[in-house]
Ligand SMILES: Cc1cc2nc3c(=O)[nH]c(=O)nc-3n(C[C@H](O)[C@H](O)[C@H](O)COP(=O)(O)O)c2cc1C
């Protein structure tokens, strides 16, 4: 994926002035001045591999700074939503009742065009989505974005800045544009005056939540959602994945219903006769992982179950040639 990278630039955050009246939906409180207290946006390096993508829209650079700091803390990739037609200062003038931004926010059907979309979102499980509050809501270009990409099975963490308004219903209105397989976290409004440390703490707290939720697994480049068993075999795999900074297993298609591959060492097992179905992940003879897209009955130790994608998408993913699976702690 071609991702937008940032150079270190000094930031002049936010807009100044007071919003005098409500232009559209949502509660709009008085708006004042610059919002975050960040002096410098970090220079970001390409990441080796990551399943977190920070996406943002930030015509006045406040969210851009927060996005860069969060991305650095999370080792995330970056994608900036750039409008096909950039917003000028006049366009952003909320004191002007007929300015472009105000007019768009008033029009529920407005979908400002985006210059380019991300090439491939498949490697990402988690999307941080940053935007400024405009008239109590996310800018309409966020609507364009969400209607243009497929976020099925991913988790979206919305974050925003504003002069004074809360995130309000902005994220719920965005959530309504995505299907039920997308998990939305509660929107985070970064408080005015937040500095880089506060943003880093927030980003790290997201990572802590992620760690608690268990190991992450990918089939080739596609992240899959797994509910892991709580047993000694899973603990051993977590340790292997931790020691080796991710466990990569070359799998082979077998029998028209499974992919099987060696984990590279013998680990503790507790085999019993098991009927497996699509999505089941098991340990076979203590040293091989099996992932099913069909069914079988054999002596295995259960490791977990893939809850997303569903059975037919899994068959597509696993039934068309050998794959590589990656498990990260
Ligand atoms: C058109 C427009 C409308 C805005 N509406 C609100 C609002 O309803 N409530 C609020 O607190 N701030 C409002 N603001 C202020 C922005 O939310 C705030 O300055 C934000 O941090 C800007 O982010 P950015 O620098 O990334 O563009 C508005 C700003 C603009 C340009």
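Computed from the coordinates by the stated procedures, all read-outs in this text should not be read as laboratory data. Please read all numbers here as calculations on a predicted model, not as lab measurements. So basically every Cβ, Gly included, is an ideal-geometry build from the backbone, and we count neighbours across all protein chains shown.
At R0 = 41 Å, how high is the FRET efficiency between residue 96 and residue 235 if r is their beta carbon distance? Nearest 0.05 is fine.
0.10
With a 10 Å Cβ neighbour count serving as the proxy for reagent exposure, in which order, fewest first, do 302, 111 appear?
Least crowded to most crowded, the residues run 111, 302.
Under a crude label model (7 Å from the Cα following the beta-carbon direction), how far is residue 299 from residue 266 in nanometres?
Placing both labels 7 Å beyond Cα along the Cβ direction yields 1.5 nm.
Any chance you could check the Cα centroid distance between the range 70-122 and the range 183-206 for me, in angstrom?
So the two Cα centres are separated by 20 Å.
Over the alpha-carbon set of the range 168-260, divide Rg by the Kirkwood Rh and report the Rg/Rh ratio to two decimals.
Over the Cα atoms of the range 168-260, Rg/Rh equals 1.08.
Taking neighbour counts of Cβ atoms within 10 Å as a proxy for exposure, in what order, fewest first, do 215, 253 appear?
253, 215
Give me the distance in nm between label points sitting 7 Å out from Cα along the Cα-to-Cβ direction at residue 181 and residue 109, one decimal.
About 3.0 nm separates the two model spin labels.
If packing is taken as the average number of other Cβ atoms within 10 Å across a peptide's residues, how do 154-164, 130-140 rank, most packed first?
Packing proxy ranking, top to bottom: 130-140, 154-164.
Stokes-Einstein D for the range 52-212 at 10 °C, 1.306 mPa s, Kirkwood Rh over Cα pairs, in µm²/s?
Here the translational diffusion coefficient equals 100 µm²/s.
Would you mind telling me the antiparallel percentage of the DSSP bridges in the range 52-212, rounded to 5?
Around 10 percent antiparallel, to the nearest 5.
Based on other C-beta atoms within 10 Å, arrange 229, 258, 239 from fewest to most.
Neighbour counts put them in this order, fewest first: 239, 229, 258.
For the range 216-328, compute Rh as the Kirkwood radius over C-alpha pairs and then the Stokes-Einstein diffusion coefficient at 37 °C and 0.692 mPa s; write the answer in µm²/s, rounded to an integer.
This corresponds to a translational diffusion coefficient of 241 µm²/s.
Over the alpha carbons of the range 226-290, what is the largest minus smallest coordinate on each principal axis, giving the biggest first in Å?
Between the extreme Cα coordinates on each principal axis of the range 226-290 lie 33, 23, 21 Å.
What are the semi-axes of the equivalent ellipsoid for the range 59-100, taken as the square roots of 5 times the Cα gyration tensor eigenvalues, largest first, in whole Å?
28, 11, 6
Would you give the gap between the C-alpha center of the range 271-292 and the C-alpha center of the range 213-249, rounded to a whole Å?
First find each Cα centre; the distance between them is then 14 Å.
From zero outward in steps of 5 Å, how is the percent of C-alpha pairs of the range 64-158 spread across the bins?
Reading upward from the zero bin: 2, 11, 21, 24, 19, 12, 7, 3, 0.
Hey, what did the range 216-328 get for relative contact order, percent, Cα under 8 Å, at least 6 apart?
Contact order relative to length: 37 percent.
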